[in-house]
1. Looking at residue 281 and the list (1) more than 12 Å from the ligand (Cβ to nearest atom); (2) within 27 Å of the chain's Cα centre (by Cα), which single condition is not satisfied?
2. Out of 105, 135, 87, report the one residue that is in contact with a strand residue (DSSP E or B) (Cβ under 8 Å, 6 or more places away or on another chain) and closer than 12 Å to residue 55 by Cα.
3. Criterion first (in contact with a helix residue (DSSP H, G or I) (Cβ under 9 Å, 6 or more places away or on another chain), closer than 21 Å to residue 343 by Cα and within 13 Å of the ligand (Cβ to nearest atom)) does residue 249 satisfy it?
4. Which of the residues spanning region 27-75 are buried (at least 19 other Cβ atoms within 10 Å of the Cβ) and closer than 23 Å to residue 120 by Cα?
5. Restrict the check to region 102-113 and report whether at least one residue is without any contact (Cβ under 8 Å) to a residue 40 or more places away in the chain, surrounded by fewer than 14 Cβ atoms within 10 Å (Cβ to Cβ) and farther than 27 Å from residue 137 by Cα.
6. Please state which of the following conditions residue 265 fails to meet, knowing it meets all the rest: (1) within 8 Å of the ligand (Cβ to nearest atom); (2) buried (at least 16 other Cβ atoms within 10 Å of the Cβ).
7. Going by what's in this entry, would residue 302 be described as in contact with a helix residue (DSSP H, G or I) (Cβ under 9 Å, 6 or more places away or on another chain) and either in the same structural domain as residue 339 (by TED's automatic domain parsing) or surrounded by 21 or more Cβ atoms within 10 Å (Cβ to Cβ) (or both)?
8. Looking for whichever is in contact with a strand residue (DSSP E or B) (Cβ under 9 Å, 6 or more places away or on another chain) and not assigned by TED's automatic domain parsing to the domain that holds residue 28 here; the options are 144, 216. Which one fits?
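The values are calculated or read from the model by the stated rules, or taken from the named source; none is laboratory data. Only a predicted model underlies this, so the values are computations on that prediction, with no experimental measurement involved. For neighbour counting, all protein chains shown are included, and Cβ atoms are generated from backbone atoms with ideal geometry for every residue, glycine included.
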Ligand code: ADP
């Protein structure tokens, strides 16, 4: 006889009784989904390895037991009971509560009646899928749609209100009308920034974010952003920089890296008082290019530090809006870094300032 791994799963050879059960067992244990077979009394007659793992039970001890004895997941046995009673397929889900720092698990059950050669129902087969990740992604998507709608609605409502007031008041003095129109303009700009940021994020999240990576000098996008920010410097904190004399070559998309630099610089300017100081540094360390933006502004509390990279997360919503923020900047920064095989992290002390550090592999090491 051939060794097990050399044997083919030929349906004809599976007809031989001895081999059949062995091969079926092998196939069932190879499945990623859990499979449990029960008789009419809901006693377990088969349970594959995945089912044992998903339900947290031992296979050997499960055989012959009733489903209700095997697990406290009441939905599981009630789904099988339903399939046996109605002679039809039945399905349900169960949530397994996990400790506070872990995501609750979600299992999906599908039970179908099994018939013998005479067509009589002789038991049921239950399949079990883990759908924790799927449900989580659904929540993330729903939250995102709700957030986007809310963020878009705010400027649209303001624009509508302002225009309606202008239209309904024929006697409105020119100076007042102008003030209203300026407000409409700034809300329209906000809408446009928001949509641009959303499109950037959508592009970055699609797999082909960087279609054709090119080697470029990381000093260039950083310089461009510093130059753009300096035009406002009279009203803001001072920007100092320490960039190397020689090129720092990375591979990727220079425009996306410019977005990283300008978002980090804009934030440093927004959250640092006008008398403050912002330091921009670029250097190579081992096989990585390191880009830092450090400010001595308001700082970020520990509880917010990891969350600020989430879409729309803002420590102080009203303040961010007032400063023209969309809550998407750091999320864009994070995605660009990941797309370049790098990462971004933050060190911060509330009241003292923050240091954002971007690390990207140097081109020669990629
Ligand atoms: P926003 O458009 O609101 O600036 P970001 O995604 O760029 O959105 O940043 C998220 C939040 O992180 C900000 O609302 C702010 O609360 C906080 N933050 C970002 N950068 C800094 C910084 N340099 N100093 C203090 N807080 C910051």
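1. Checking residue 281 against (1) more than 12 Å from the ligand (Cβ to nearest atom); (2) within 27 Å of the chain's Cα centre (by Cα), the one that fails is (2).
2. Details: 135 fails: closer than 12 Å to residue 55 by Cα; 87 fails: closer than 12 Å to residue 55 by Cα.
Exactly one of 105, 135, 87 is in contact with a strand residue (DSSP E or B) (Cβ under 8 Å, 6 or more places away or on another chain) and closer than 12 Å to residue 55 by Cα, namely 105.
3. Details: in contact with a helix residue (DSSP H, G or I) (Cβ under 9 Å, 6 or more places away or on another chain): yes; closer than 21 Å to residue 343 by Cα: yes; within 13 Å of the ligand (Cβ to nearest atom): no.
Judged against the criteria, residue 249 is not a match.
4. Scanning region 27-75 gives 36, 38, 42, 44, 47, 67.
5. Just the residues of region 102-113 that are without any contact (Cβ under 8 Å) to a residue 40 or more places away in the chain, to begin with: 102-106, 108-113.
From what's left, surrounded by fewer than 14 Cβ atoms within 10 Å (Cβ to Cβ): 102-104.
Subsequent filtering for residues that are farther than 27 Å from residue 137 by Cα retains none.
Within region 102-113, none of the residues are without any contact (Cβ under 8 Å) to a residue 40 or more places away in the chain, surrounded by fewer than 14 Cβ atoms within 10 Å (Cβ to Cβ) and farther than 27 Å from residue 137 by Cα.
6. Here residue 265 meets the rest and fails (1).
7. Details: in contact with a helix residue (DSSP H, G or I) (Cβ under 9 Å, 6 or more places away or on another chain): no; either in the same structural domain as residue 339 (by TED's automatic domain parsing) or surrounded by 21 or more Cβ atoms within 10 Å (Cβ to Cβ) (or both): yes.
Criteria not met by residue 302.
8. Numbers: 144 fails: in contact with a strand residue (DSSP E or B) (Cβ under 9 Å, 6 or more places away or on another chain).
One residue alone meets the criteria, 216.
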